[in-house]
1. Within region 60-94, how many residues turn out to be touching a strand residue (DSSP E or B) at 6+ places or on another chain (Cβ under 8 Å), under 17 Å from Lys17 (Cβ atoms) and aliphatic (A, V, I, L, M)?
2. Got a sec? Which of Glu215, Glu183 is in a helix (DSSP H, G or I), surrounded by fewer than 17 Cβ atoms within 10 Å (Cβ to Cβ) and of a type outside the set (Gly, Ala, Ser)?
3. All but one of (1) at pLDDT below 85; (2) among the polar types (S, T, N, Q); (3) under 25 Å from Lys249 (Cα atoms); (4) in contact with a Phe, Trp or Tyr (Cβ under 6 Å, 6 or more places away or on another chain) hold for Ser173; which doesn't?
4. Report yes if Leu49 is crowded, with 24+ Cβ neighbours inside 10 Å, of a type in the set (A, V, I, L, M) and at pLDDT 95 or above, otherwise no.
5. Six or more apart or on different chains, Cβ atoms under 8 Å: show the pairs whose first residue is in region 12-26 and surrounded by fewer than 16 Cβ atoms within 10 Å (Cβ to Cβ) and whose second is among the acidic types (Asp, Glu).
Amino acid sequence: MSVHSETKFITSKDGKKIFCKHWFSDENARALIFLCHGLGEHCLWYDDLAEALVKNGFYVFAHDHVGHGQSEGTHNHVDDFMEYTSVIFQHCNEVKEKHQELRLFIFGHSMGGAITLLTATSQPGFFSGVITSGPAIFATPGPMVSVKIFVGKILARMFPLFKISNISSRHISRDEEQVKKYEDDPMVHPYIRVKWGAAWIECVKKLEERMPSIEFPFLALHGDADSLCDFQGSQTLYDKAKSEDKELKIYKGFYHALLLEPEEDRKSVLNDILDWLKQRM
């Protein structure tokens, strides 16, 4: 099966140009899926996943979040994570208008996992199923974190664009080739800004409040050697959600970016994703 793709820009409600990519085949799709990328990266990192999904009957689409990749906005900066969800709903509704008979799913990695859950819990029933990969939904508790949050809120008001932390490429994957590719990508900006950090904390708080009311089907994927986003976040999601159709997979020894791990390992993750989706599309 040949996989085709097209790119375009849409304009967000606040006037920013958002880079979009769609993947499809000549055959009629049986379901839709939106791919939600992580902090500092962009949607072109998901070409392999998108092609595999198309070959399994999906119409796939994604965009670079505001401030990422080829989209407009200050790199890695938002005042509120709802800025991300607003564009997702806009893009999804545009695609759904053309494919009203098809079910819509969403996949999100890392920050994209948090955004995915925030989006799905904002309009329950909008998505037929949710998949998260290494979601950034857990803030390690403790007194020092409380101090950091307090200081962060002050800094966010005074110096919102100040960079407070870098994302180590060595923690992304055990595959040296993928790490090198990540390091060499000029559209990757692996750092955290103060205001973004404050917005993320607020997102996590919202998700903690909403988890007990989650009823939609979901698959949570996480590596137990993920040093960037603690796998306890996925465990907590699984434990608290009241969904009858929920599944948690913890991969022993896997790092943060499950789909960038060594080839045989990422194949096993991809197969788990495809198997779960095919049972529900």
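The values are calculated or read from the model by the stated rules, or taken from the named source; none is laboratory data. Predicted, not measured: the structure shown is a model, and the values here were computed from it. All Cβ positions, glycine included, derive from the backbone under ideal geometry; neighbour counts span all protein chains shown.
1. Of the residues in that region, 4 qualify.
2. On the way: Glu215 fails: in a helix (DSSP H, G or I).
Residue meeting the stated conditions: Glu183.
3. With respect to (1) at pLDDT below 85; (2) among the polar types (S, T, N, Q); (3) under 25 Å from Lys249 (Cα atoms); (4) in contact with a Phe, Trp or Tyr (Cβ under 6 Å, 6 or more places away or on another chain), Ser173 is out only on (1).
4. Values: crowded, with 24+ Cβ neighbours inside 10 Å: no; of a type in the set (A, V, I, L, M): yes; at pLDDT 95 or above: yes.
Answer is no for this residue.
5. Taking only residues 6 or more apart or on different chains, the pairs are Asp14/Glu83; Lys17/Glu72.
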